[in-house]
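The values are calculated or read from the model by the stated rules, or taken from the named source; none is laboratory data. Not measured: the values here are computed from a predicted model. Virtual Cβ from ideal backbone geometry, glycine too; neighbours counted across all protein chains shown.
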Amino acid sequence: MVAHAPADGHTLLLYGNTFWLLPLMRKTMPYDPLSDFVPVTLAARAPNVLVIHPSLPVKSVNALIALAKSRPGALNYGSAAAGTINHLAGELFKYMAGVDVVRIAYRGTASVMNALMAGQVQLMYATSASATPVVRSGRLRALAVTSLDRSELFPQLPTMSESGLKGFESVSLHGVFAPAKTPPAIINRLNAAIGQVLSQPEVRERLLGSGVEALSGPPAALTTAMNGEIARMGKVIRAAGIRDD
């Protein structure tokens, strides 16, 4: 609908990673994220948290990698449907660490969390909102966040990159897009207005309370983020043979 809407700035799209990664997992798509739309601004980021069942005898990412290498195929991780952010994070971990960890698929992330707390799976990449209460209660152990830099949501946790997998990044990004051919003057006006709202302390606090970090920046920053993730995750998607047809 947005791709075919008038390019007048009145019809916008707020979407996340699936928007630009799904074409890598499907043979046919009704839209092209790079040619049918123009970026307006980055809007939000939600890093995942690598959490494990306390019975797993590790307290760092390096120790987890060492354990996985010593027991190929013995460890497993839970994720939701193919191509979801926690699935891609799990496959990125396997790809970068060179380990064999078996994926166990569930209908949704809530089911994965329940299975992890019950000890049916050993690790998952959880949203910060779902990880916070179970980590604080001691039911699960958090090892690292999946953002490239430390997160306001879990400031005490190291990043995966700091923990031995340099360059590891797998976060839920959200951006605002307009139909292609929207005039630059309109894009710039929208960018400034949205950025002004997202910079307000009360808005940032409200988002943090929901497990999301507010972002902003020029339209080019969203383009750079998209292209970087398409290149980085494209390698993982192809290596793992991930399809969502």
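Here are a few things to note about the model shown:
- Candidates THR28, THR41: the one that is modelled with pLDDT under 95, β-branched (Val, Ile, Thr) and either assigned by TED's automatic domain parsing to the domain that holds MET124 or over 21 Å from VAL112 (Cβ atoms) (or both) is THR28.
- Any chance THR223 is assigned to a loop (DSSP other than H, G, I, E, B), of a type in the set (Ser, Thr, Tyr) and either farther than 15 Å from ALA43 by Cα or touching a strand residue (DSSP E or B) at 6+ places or on another chain (Cβ under 7 Å) (or both): no
- Flag if PHE93 is over 30 Å from SER137 (Cα atoms) and either under 13 Å from the mean Cα position of the chain (by Cα) or outside the structural domain of MET226 (by TED's automatic domain parsing) (or both): no
- Breaking point among (1) within 30 Å of ILE194 (Cα to Cα); (2) touching a strand residue (DSSP E or B) at 6+ places or on another chain (Cβ under 7 Å); (3) surrounded by fewer than 23 Cβ atoms within 10 Å (Cβ to Cβ), for THR84: (2)
- A search for C-beta distances below 7 Å between a residue of the stretch 200-226 that is within 17 Å of ALA126 (Cα to Cα) and small (Gly, Ala, Ser) and any residue that is surrounded by fewer than 19 Cβ atoms within 10 Å (Cβ to Cβ) and at pLDDT below 95, counting only pairs 6+ apart in sequence or on different chains, returns SER210/ALA129; GLY211/ALA129.
- Filtering the stretch 2-23 to residues that are of a type outside the set (D, E, K, R) and more than 26 Å from SER151 (Cβ to Cβ) leaves VAL2, ALA3, HIS4, ALA5, PRO6, ALA7, GLY9, HIS10, THR11, LEU12, PRO23.
- Every residue from the stretch 58-82 that is in contact (Cβ under 8 Å) with a residue 60 or more places away in the chain and in a helix (DSSP H, G or I): VAL61, ASN62, LEU64, ILE65
- Residue satisfying condition, being of a type in the set (A, V, I, L, M, F, W, C), outside any loop (DSSP other than H, G, I, E, B) and crowded, with 21+ Cβ neighbours inside 10 Å, within set ALA144, ALA193: ALA144
- Within the span defined as the stretch 83-100, one or more residues are in contact with a Pro (Cβ under 9 Å, 6 or more places away or on another chain), more than 24 Å from ASN17 (Cα to Cα), of a type in the set (A, V, I, L, M) and not in a helix (DSSP H, G or I).
- Qualifying position, being among the hydroxyl-bearing types (Ser, Thr, Tyr) and either in a loop (DSSP other than H, G, I, E, B) or assigned by TED's automatic domain parsing to the domain that holds SER210 (or both), among SER130, SER151: SER151
- Scope the stretch 26-65; condition surrounded by fewer than 18 Cβ atoms within 10 Å (Cβ to Cβ) and farther than 23 Å from ARG139 by Cβ; matching residues: ARG26, LYS27, THR28, MET29, PRO30, TYR31, ASP32, LEU34, SER35, ASP36, ASN62
- Residue in the stretch 111-126 that is on the phi < 0 side of the Ramachandran plot, hydrophobic (A, V, I, L, M, F, W, C), out of contact with any strand residue (DSSP E or B) (no Cβ under 8 Å at 6 or more places or on another chain) and not assigned by TED's automatic domain parsing to the domain that holds THR41 present: yes
- In summary, SER55 fulfils each of the numbered conditions (1) outside any loop (DSSP other than H, G, I, E, B); (2) more than 21 Å from GLU169 (Cβ to Cβ); (3) among the small types (Gly, Ala, Ser) with the single exception of condition (1).
- Filter pass, ALA129 being surrounded by fewer than 18 Cβ atoms within 10 Å (Cβ to Cβ), among the hydrophobic types (A, V, I, L, M, F, W, C) and in contact with a Gly (Cβ under 7 Å, 6 or more places away or on another chain): yes
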